[in-house]
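Trainee: One structure, pasted below without further comment.
The values are calculated or read from the model by the stated rules, or taken from the named source; none is laboratory data. Remember, predicted model here, so these are calculated numbers, not experimental data. Neighbour counts run over all protein chains shown; Cβ positions are idealised from the backbone, glycine included.
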Amino acid sequence: MPLYSIHGQASLEVRHLVLDYNGTMATDGTLVPGVAERVRELNLPPHELSVHVITADTMGTAQRQLEGLPCDLSILGPAEQDKAKLDFIQGLGSAQTVAIGNGQNGHLMLAVAALGIAVIGEEGAAAQTILASRVVCRDILSALDLLLKPKRLIATLRC
């Protein structure tokens, strides 16, 4: 379980990584190049994160695009997606979860996660989701690299 010690804040002990799919991991339904390799690396020692993808699957491509990756996929129904994502994070244990997203339906999960990261990819990001996050990254690769290269995360969050 990765431990991120950040000066002036409680240490983060992370077990789970929860990712939105469309707009976060994917553009127009296609996985962003470089994401698969990073997800695999985060699943291995020393990180050993349990990776979960929770999505409305707007483009209907998530299952095919994520095939073979070490992650669990949950596809949401059309109603109350923000609440469903919140419930999912709380079920895992929000204090041990990093959540990454960009859309309006992700703002609650980013707010309750131990570390909420908003990404601004090709689709942009909902303002409420940005405000609910602790960190904002220009894209998913930068967000995943914060976890793979913890000194970047420490530099961003230290007091």
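Trainee: Out of everything in the range 93-139 that is within 13 Å of the chain's Cα centre (by Cα) and in a loop (DSSP other than H, G, I, E, B), what residue ends up being nearest to residue 77 (Cα to Cα)?
Mentor: Among those residues, the one meeting the criterion is 103.
Trainee: Is there a residue in the range 124-138 that is under 16 Å from residue 38 (Cα atoms) and surrounded by 16 or more Cβ atoms within 10 Å (Cβ to Cβ)?
Mentor: Yes.
Trainee: Looking at residue 56, is it crowded, with 17+ Cβ neighbours inside 10 Å and modelled with pLDDT under 95?
Mentor: Yes.
Trainee: Quick check on this structure: which one of 73, 69 is assigned to a loop (DSSP other than H, G, I, E, B) and either surrounded by fewer than 19 Cβ atoms within 10 Å (Cβ to Cβ) or modelled with pLDDT of 95 or more (or both)?
Mentor: Going through 73, 69 in turn, the sole match is 69.
Trainee: Could you run through the range 145-159 and say how many residues are within 19 Å of residue 46 (Cβ to Cβ) and either in contact with a Cys (Cβ under 9 Å, 6 or more places away or on another chain) or of a type in the set (Ser, Thr, Tyr) (or both)?
Mentor: Result for the range 145-159: 2.
Trainee: If you check residue 34 against the conditions, is it more than 15 Å from residue 144 (Cβ to Cβ) and out of contact with any His (no Cβ under 7 Å at 6 or more places or on another chain)?
Mentor: No; evaluated as a whole, the condition is false for this residue.
Trainee: Another one. For the list (1) surrounded by fewer than 22 Cβ atoms within 10 Å (Cβ to Cβ); (2) closer than 14 Å to residue 58 by Cα, I need the number of the one condition that residue 87 fails.
Mentor: (2)
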